[in-house]
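The values are calculated or read from the model by the stated rules, or taken from the named source; none is laboratory data. All figures in this text were calculated on a predicted structure; none of them were measured in a lab. With ideal geometry, Cβ positions are generated from the backbone for all residues, glycine too; neighbour counts draw on all protein chains shown.
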Amino acid sequence: MTQGFDKSEKLLIIHADDVGMCHSENRATFEAFEKGIVSSCSIMIPCPWVLEAVEFFRRNPNYDYGIHSTLTSEWKFYRWSSVSSKDKVTSLLDEEGYLWRSAEAAARAKIEEIKNELETQVKRSFNLGLKPSHLDTHMGVVYLKPEILESYIEVALNNNLIPMLIKPSSEVIARAKDAGLAIQEIIKIISSSNLPLLDNLITGTEGSDLQERLKWFRSVLSKIKPGTINQIIVHLGFDDEELKAITPSYMERYLDYKLVTSDEAKKLVGEYKITLIGWKNLKCFYYST
């Protein structure tokens, strides 16, 4: 349990991924902090709209944000490259000079180049005046190989950040086995880290409209146990021309935005006596002990 909380509390991080990806994503996330229940987010440093995010968080330093380790560039027409000089991370780049589209392709890059890019993204955030709390992963690349996970943790700790890690529960282990991951090595790395761990990580919402998502949200909150640290990942955006041009799943992001800014979701958080926290709480606990 984190410092300042007791074992009776149900701790939840509502975490917005992909900040900096585009203007729509940024605006929706900013509103979700200001008017909704988002309690944390992470920023994609290589992306075109990162400077808008930098300005927002420099003006609002109390909001919790981290660095979204970005080793892929998945969209068809909207692409980005590495933050590192391209000649230093050639194995991370496709024939067009962008980061690979898939997590599997990115994980085949040279480990020293992956580590270099992870480090460079964090340093770039510092140079831009950011003070992130944590490091997490875009499309789960860092979990695909044990040596990448080790580098990810090392980069986080070398920069006084908390890496997002989850306890290897039976459900997590089963999912990892299904994905063909080297689960025993990954468990050993996580278990020996002595870092704060999420008890439960939900990587996406469910429901084809707002009412279905609220029903799903109620179900999730009802299952959160006292004394646990939980995280729900959302991806936010508007039903606008920019996001439509980037991704065919734009409506999923808009529904996430509608969910986390709805009065009904706020009431559910209160009804189930959920304590919303950010990664800064976990960072304060870890670095003060």
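Numbers for the structure displayed
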read-out: Single residue of the stretch 22-53 satisfying the filter (part of a loop (DSSP other than H, G, I, E, B) and touching a residue at least 60 places away in the same chain (Cβ under 8 Å)) that is surrounded by the fewest Cβ atoms within 10 Å (Cβ to Cβ); value: Ile37
read-out: Residue selected from the stretch 162-179 under the condition more than 22 Å from Thr228 (Cβ to Cβ) and of a type outside the set (Lys, Arg), by the criterion nearest to the chain's Cα centre (by Cα); value: Ala179
read-out: Any chance Asn116 is at pLDDT 95 or above, out of contact with any strand residue (DSSP E or B) (no Cβ under 9 Å at 6 or more places or on another chain) and within 21 Å of Leu197 (Cα to Cα); value: no
read-out: Unmet requirement for Phe217, which otherwise passes all of (1) in contact with a helix residue (DSSP H, G or I) (Cβ under 7 Å, 6 or more places away or on another chain); (2) surrounded by fewer than 19 Cβ atoms within 10 Å (Cβ to Cβ); (3) in contact (Cβ under 8 Å) with a residue 24 or more places away in the chain; value: (2)
read-out: Breaking point among (1) at pLDDT 95 or above; (2) under 22 Å from Leu11 (Cβ atoms); (3) touching a Ser or Thr at 6+ places or on another chain (Cβ under 6 Å), for Phe285; value: (1)
read-out: Per-region count, the stretch 117-145, residues in contact with a Lys or Arg (Cβ under 8 Å, 6 or more places away or on another chain) and outside any loop (DSSP other than H, G, I, E, B); value: 1
read-out: Per-region count, the stretch 54-88, residues in contact (Cβ under 8 Å) with a residue 40 or more places away in the chain, over 18 Å from the mean Cα position of the chain (by Cα) and outside any loop (DSSP other than H, G, I, E, B); value: 1
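This table checks each residue for (1) exposed (fewer than 15 other Cβ atoms within 10 Å of the Cβ); (2) at positive phi.
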site: Gly227; (1), (2): yes, yes
site: Val260; (1), (2): no, no
site: Lys267; (1), (2): yes, no
site: Leu282; (1), (2): no, no
